[in-house]
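Take a look at the structure below.
The values are calculated or read from the model by the stated rules, or taken from the named source; none is laboratory data. This structure is a prediction, so every number in the text was calculated from the model and none was measured. Here the Cβ is made from the backbone with ideal geometry for all residues, glycine too, and neighbour counts use every protein chain on show.
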Amino acid sequence: MAGALPVSPLAPATIGELPPVAGVRIATAATGLRYKNRPDLLVMAFNEGTSAAGVFTLSATRAAPVDWCRDALKASGGKARALVVNSGNANAFTGKAGMAFVDATVAAAAGKVGCAADTVAVASTGVIGEPLPAAALVPHVEAAAPRLGSEGWLAAAEAIRTTDTFAKLATVTATIGGVEVRLNGIAKGSGMVEPNMATILGYIATDAAVPPAVLQAMLSRAADLSFNAITVDSDTSTNDTLMMFATGVAGNPTAADVADPLWAGFVSALTTLAQDLARQIVRDGEGAQKFISVTVSGAKDEASARRIAKCVANSPLVKTAIAGEDANWGRLVMAVGKSGEPVERDRIAVSIGGVTIARDGGRVEGYDEAPVTAHMKGREIDILLDLGIGAGSATVWTCDLTHGYININADYRS
């Protein structure tokens, strides 16, 4: 289906190749398992000694590759040598056959890269419940292996797409103890996006040297501030996977505590990168025409602010009003009220596009809807809800809900 849809109107103006990350080699292949005449398999190889970290879906119906990656990270002590991702088939709810598919894929990659099986990460994305032959990817992984290093990050981002209308990738640099390091990332996601950990599929690699435990702490926090702060349709995927790999080639100094000031610039850069990728996913929300930022301030604490913002961002009534360019701010008040979080009705203030509409429990006297209506006609919608009861704040990014979302998902398997 990828490629059949028009590119989202919210897509970046330009999408280009990223600089390489030392210690990472990339190859892609076209397997034909679902898509015809397009790459749908990504293989990455990492230098020996590469640290790895991951956050995964909390879905009770999680896919076999998720179970494998969680267990492999523990077994390897947070190390990785290879990554294999296929798109078009989620290998979820496929029973014992699903794990047999994972085992065969891992064995093929480990054999070609020359590494232990528990240092191979795997992921799948696509249709749920469709069985795959155990060895379906084996010849394609083996054929891609000799070409590792022949392709770049743009090809990698293209290979993992499903209903995405554009490839999602980003790069930043940081300094650790005077040594410059690079971070590259790719992601995929367009629908079934309401992360309950990270989001659909995301992969970040850096040439920095970072101990596995520190890398895990960094990634978990970055996920909370990025992938856990987006939603398209309130549905958590069976396959959500976010992983990060640190090859150590840069040779920077390290520290064993994530709170050490040595890491400050790197942590900031990682958060910036993760938020960039997460917002790109929202901008490619299925059928999306508007990018929406929902900021909640004055909440009891950060966690409460995020839950309230998610409640607003997931409301079909809010999302359809924005799709219709209707400044129906009462729906925002409704969504705050149903959140179940601590709220004092007469302290809430509501703003859209920088215009305060309501405060102290009622509409602002003399409120002029014209500038808000004008704001609603744009592509970028900004909503601010100040609860006035605490210091907690959070921002969640979402998109509008249009007929396009229905059309895409009604025809997903056909």
Hits in the range 54-112 - residues which are in contact with a helix residue (DSSP H, G or I) (Cβ under 6 Å, 6 or more places away or on another chain), part of a helix (DSSP H, G or I) and within 17 Å of Ala213 (Cα to Cα): Ala72, Ala75, Ser76
Residue selected from the range 319-366 under the condition touching a His at 6+ places or on another chain (Cβ under 9 Å) and in a loop (DSSP other than H, G, I, E, B), by the criterion farthest from Leu387 (Cα to Cα): Ala327
Residue in the range 296-311 that is touching a Ser or Thr at 6+ places or on another chain (Cβ under 8 Å) and in a loop (DSSP other than H, G, I, E, B) present: no
Cβ-Cβ under 6 Å pairs, at least 6 apart or on other chains, the range 366-377 side among the aliphatic types (A, V, I, L, M), far side assigned to a loop (DSSP other than H, G, I, E, B): Val372/Ala327; Val372/Gly353; Met376/Glu325; Met376/Ala327
Answer residue from the range 221-235, given it is surrounded by 18 or more Cβ atoms within 10 Å (Cβ to Cβ) and assigned to a helix (DSSP H, G or I) and is modelled with the lowest pLDDT among those: Asn228
One residue from Gly361, Gly366, Gly298, Gly378 being within 26 Å of Phe227 (Cα to Cα) and either in the same structural domain as Ile200 (by TED's automatic domain parsing) or surrounded by fewer than 18 Cβ atoms within 10 Å (Cβ to Cβ) (or both): Gly378
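Here's the yes/no breakdown for (1) basic (Lys, Arg); (2) within 13 Å of the chain's Cα centre (by Cα); (3) buried (at least 24 other Cβ atoms within 10 Å of the Cβ):
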site	(1), (2), (3)
Ala144	no, no, yes
Trp153	no, no, yes
Glu158	no, no, yes
Asp164	no, yes, yes
Val172	no, no, no
Thr175	no, no, no
Val181	no, no, yes
Lys188	yes, yes, yes
Gln216	no, no, no
Where Arg70 falls short, out of the listed (1) modelled with pLDDT of 95 or more; (2) not assigned by TED's automatic domain parsing to the domain that holds Val138: (2)
Residue match in the range 247-259 (condition: of a type in the set (A, V, I, L, M, F, W, C) and not in a loop (DSSP other than H, G, I, E, B)): no
